[in-house]
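Computed from the coordinates by the stated procedures, all read-outs in this text should not be read as laboratory data. The structure displayed is predicted, hence computed values, not measured ones. Cβ atoms come from the backbone with ideal geometry, glycine included; neighbour counts cover every protein chain shown.
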Amino acid sequence: MDSKKKSRKDMILEYKERPITGGVYKITNIANRKYILVADIDLQSAKNRFDFSVKYDSVVLLKLAKDWKEYGGNQFTFEILEEIEMKDSQSRKDFKEDLKILKNMWSEKYDSTKSY
């Protein structure tokens, strides 16, 4: 069905029924190589927020504010490190806990002195 022919109610239902894909992403300041790792329940939304922030030069995370103002949003990159899909049998709380563990595993792979 063409999206123009779908009712608003159908589109909302479709959105709510889509698989939830969370994961860990890294935002890196390419000017000074500092980074932040973030676990998020919705990676696509996180990427959209980042792209919007770069486009309108509004900081995406407060921890980045000082460097964002100094270097500008175009000096930051967004990289998805790992994605996982929430299982039907899993609660949001359990899924968030899995994401937290995943973030901790990724944290071990990077130099913590360069972390925001």
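Here are a few things to note about the model shown:
- Residue list for region 22-40, given a label point 7 angstrom along the Cα-to-Cβ vector of Asn104 and an amide N cut-off under 18 Å: 23-25, 37-40
- Approximate spin-label separation Thr113-Lys87, in nm, with each point projected 7 Å along Cα-to-Cβ: 4.1
- In region 18-109, Cα pairs under 8 Å separated by at least six residues give a relative contact order of 41 percent.
- Farthest toward positive dipole pole in region 18-109 [+1 Lys/Arg, -1 Asp/Glu at C-beta], among Tyr56, Thr77, Thr21: Tyr56
- In the chain, one over the average inverse separation of all distinct C-alpha pairs is 15.8 Å, which is the Kirkwood hydrodynamic radius.
- Surrounding net charge for Ser58, when Lys and Arg each add one and Asp and Glu each subtract one, Cβ distance under 12 Å: +1
- Estimated [θ] at 222 nm from DSSP helical runs (n ≥ 4, -39500 (n - 2.57)) normalised by residues in the chain, nearest 500: -12000 deg cm²/dmol
- Loop sites here are trypsin sites (Lys or Arg not before Pro) outside DSSP states H, G, I, E and B with no more than 13 other Cβ atoms within 10 Å. The longest part of the chain free of them is 34-86.
- Note on region 18-109: with charges restricted to the Cβ of Lys and Arg (+1) and Asp and Glu (-1), its dipole about the Cα centre is near 300 debye.
- Neighbourhood net charge (11 Å Cβ-Cβ; Lys/Arg +1, Asp/Glu -1) for Glu79: +1
- Listed pairs Lys47/Lys96; Lys5/Lys47; Lys47/Lys114; Lys26/Lys87; Lys55/Lys114 exceeding 20 Å between Cα atoms: Lys5/Lys47; Lys47/Lys114; Lys26/Lys87; Lys55/Lys114
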